Amino acid sequence: MALWIETESVELRPNATEDNLQTIIRAVYRQVLGNAHIFDSQLLTSAESQLRNGDITVAGFVRAVAQSDLYRSLFFETSSPYRFVELNFKHLLGRAPQDQTEIAEHVQIYNTQGYEAEINSYLDSDEYILNFGENIVPSARGNRTQVGVKNVGFNRTFALMRGFAANDVGKSAKLISDIGGNLPTKIVSPSIGSGASSNTGKRFRVSISKANFGLRVTKSMATFEVGYNQLSQKIQNIQKTGGKILSITEIA
């Protein structure tokens, strides 16, 4: 039986007690760092003090964690651009990216404006403010119907949230084929035991159509094979040149 792991909203109350503050701090670390194990020496003690003193809000503390060297080392330096954006959606908005357009927008933000601008684009968004405001810790919300969010978002958020008994560190991208090909995401039973296979050795067949703008406007179709590690970059290149992905099929 498939299970959704629900999380309750955690909010910083006015005149918060130290217990409430500690609950908030732990919840932010758990959510933003994807349940990664961290050592005491890695804690953002300065940002914690600012939160405790009322100098920053919960949203400010979330921003400090997401822009920290720790977050960068865990999820940016060791991940493809696709995986980095996928995790930013999960950690900061509590949902999966809806489609390739969202992925492309955030890859473009990072490429043209840099790391901090990419993080800020989630935290300064109307979506973040509407759902979490200044004093609620971000949490998974793909299990609820949301205005402006497609129904497929439930399955995609489900795929990101479930099955990570340990943490998000070192995980392969979950949604690259489905989002790149505008395909539905299936809910499947989680792998049992430690023998789960890695995606990194797999190959995919990608079918695309592309408009040729010359004296006559025509459309051409092409099919090619690509390894998993090159798939994200290939999808980005197709989108940038105006191509449309018709299908992505795993072949090995």
Glu86 vs. criteria more than 23 Å from Ser125 (Cβ to Cβ) and assigned by TED's automatic domain parsing to the domain that holds Gln108:
no
Residue satisfying condition, being touching a Leu at 6+ places or on another chain (Cβ under 7 Å) and either of a type outside the set (D, E, K, R) or over 27 Å from Pro14 (Cβ atoms) (or both), within set Ala47, Ala66
Ala66
When Leu70 is run through (1) in a helix (DSSP H, G or I); (2) of a type in the set (A, V, I, L, M); (3) within 14 Å of the chain's Cα centre (by Cα), the failure sits at (3)
If you go through Glu118, Glu127, Glu105, the only one that is of a type in the set (Asp, Glu), part of a helix (DSSP H, G or I) and buried (at least 21 other Cβ atoms within 10 Å of the Cβ) is Glu118
Check the range 61-72 and report whether any residue there is under 30 Å from Lys234 (Cβ atoms), of a type in the set (Phe, Trp, Tyr) and surrounded by fewer than 20 Cβ atoms within 10 Å (Cβ to Cβ).
no
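The values are calculated or read from the model by the stated rules, or taken from the named source; none is laboratory data. Here the structure is a predicted model, which means the values were calculated and not measured. Here the Cβ is made from the backbone with ideal geometry for all residues, glycine too, and neighbour counts use every protein chain on show.
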